[in-house]
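Just below is one structure, and these are the notes that go with it.
The values are calculated or read from the model by the stated rules, or taken from the named source; none is laboratory data. None of the values given here were measured: they were computed from a predicted structure. Glycine gets a Cβ as well: all are built from the backbone with ideal geometry, and neighbour counts include every protein chain shown. The protein model used for the area step is the full one, side chains on, heavy atoms only, and it has no ligands, DNA or RNA in it. Shrake-Rupley method; radii C 1.70, N 1.55, O 1.52, S 1.80 Å.
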Amino acid sequence: MPLKIWIDGKLHEKTDAKLSVYDHGTLYGDGVFEGIRVYDGKIFECEAHLKRLFDSAKAIRLAMPYTAGELTAAMEETVRANSFNDCYIRLVVTRGAGYLGLNPTKCPTASAYIIADTIELYSRDIYEKGMSVITSSIIRNHPSAISPRIKSLNYLNNILAKIEAVDAGVSEAIMLNHMGNVAECTADNIFIVRDGRVRTPGTAEGILEGITRGVIFKLCARLGIPCDECVLQRHDLYIADECFLTGTAAEVIPVAKIDGRIIGEGKCGPTTRRLMDAFHKHIREA
Ligand code: PMP
């Protein structure tokens, strides 16, 4: 059965799901989006994702065409129409169709669409043995340019970093910020464990405030694991006891190697394992 895609209130078969070529989302990357998981038929962290979407829209001065309640209902309708129990949702809001100039005020209405689909997951092996990653030569967006806190349709700097990861034969690349500190990966947040403490860069370092990252904070508090935001240099990664990444698609994934250097014992460490187990329990209970 072909997938059904929701566009501005209507479901279309995938091959008929079309947007205008004048949409500023495609012409200029002018829009915002969310990647969301559905576990056991329930939208995971729905409220947090919608809050981030509305914050992103506000930051780019885009008037949201639907309320949070309407978007929740539309996501539920799309998941149901495709008979998914577990899936990935891509919720996109573009500036809408306009003319061939930049001025967004000439786009009368923003457009929204929702894709519910399966996602390509990393192999089980990587979750056991840990992922190899590199540090990219591409820095994360300067917070005074497009703030990395905005989940915008313009992912080009992350894509350039991702290409370096692919060239190096690894799955993810760590991006430093304009000060040379660790920011995050191309589509994941990064954490280290050092002397029993879980640490991750704060928002001032130029990162997307990941929803999974937020769940890790909650789980650390629940498990009594000290966890804080702090400035991390590449050196801190190299000498970490453990390192792991978080993201909606990846969930919690251990890192075994960075730039060819073995991190900790070069496998999934005990604190990462505890958090992975707690995360999997949490998503089925949430
Ligand atoms: N950083 C970036 C740049 C991302 O695109 C993402 C989402 N894919 C993340 C971090 C992780 O965020 P979340 O946990 O909300 O998926």
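Couple of notes before you dig in:
- Pairwise label distance in nanometres, residue 142 with residue 8, each label 7 Å out on the Cα-Cβ vector: 3.7
- Rounded to 10°, Cα long-axis angle of helix 211-223 versus longest principal axis of the chain: 40
- DSSP-defined beta bridges in the chain - what % are antiparallel, rounded to 5: 80
- For region 124-285, the Kirkwood estimate of hydrodynamic radius, built from reciprocal distances between every pair of different alpha carbons, is 15.5 Å.
- Debye-sum result for region 108-198 in log10 I(q)/I(0), which assumes one identical scatterer on each alpha carbon, at q = 0.11, 0.16, 0.18 Å⁻¹: -0.42, -0.82, -0.97
- Between 0 and 90 degrees, the angle of helix 156-167 with respect to the longest Cα principal axis of the chain falls at about 50 degrees.
- Kirkwood Rh, angstrom, region 164-244 [1 / mean 1/r, Cα pairs]: 13.1
- Tail beyond 12 Å, pair distance distribution of region 238-286 (Cα, percent): 62
- Compared with the dominant Cα axis of the chain, that is its longest principal axis, helix 68-81 is turned about 90°.
- In Å², nearest 10: area of residue 232 left accessible to a 1.4 Å probe: 0
- Set 4/51; 4/162; 10/162; 14/106; 58/129 screened for pairs whose C-alpha atoms are more than 31 Å apart: 10/162; 58/129
- Listed peptides 31-40, 154-163, 276-285 by packing density, highest first (mean Cβ within 10 Å): 31-40, 154-163, 276-285
- Per-residue HN-Hα couplings for region 225-239 [Karplus 6.51, -1.76, 1.60; θ = phi - 60°; Hz; x = Gly/Pro]: 9, x, 9, 9, 8, 7, 6, 10, 9, 4, 3, 5, 5, 5, 9
- Peptides ranked, highest mean first, by Cβ atoms within 10 Å: ranges 60-68, 169-177: 169-177, 60-68
- By the Cα gyration tensor, the chain has an equivalent ellipsoid whose semi-axes, rounded to whole angstrom, run 33, 22, 17 from largest to smallest.
- For region 4-117, the orientation-averaged shadow of the C-alpha convex hull comes to 6.5 nm² (one quarter of the hull surface).
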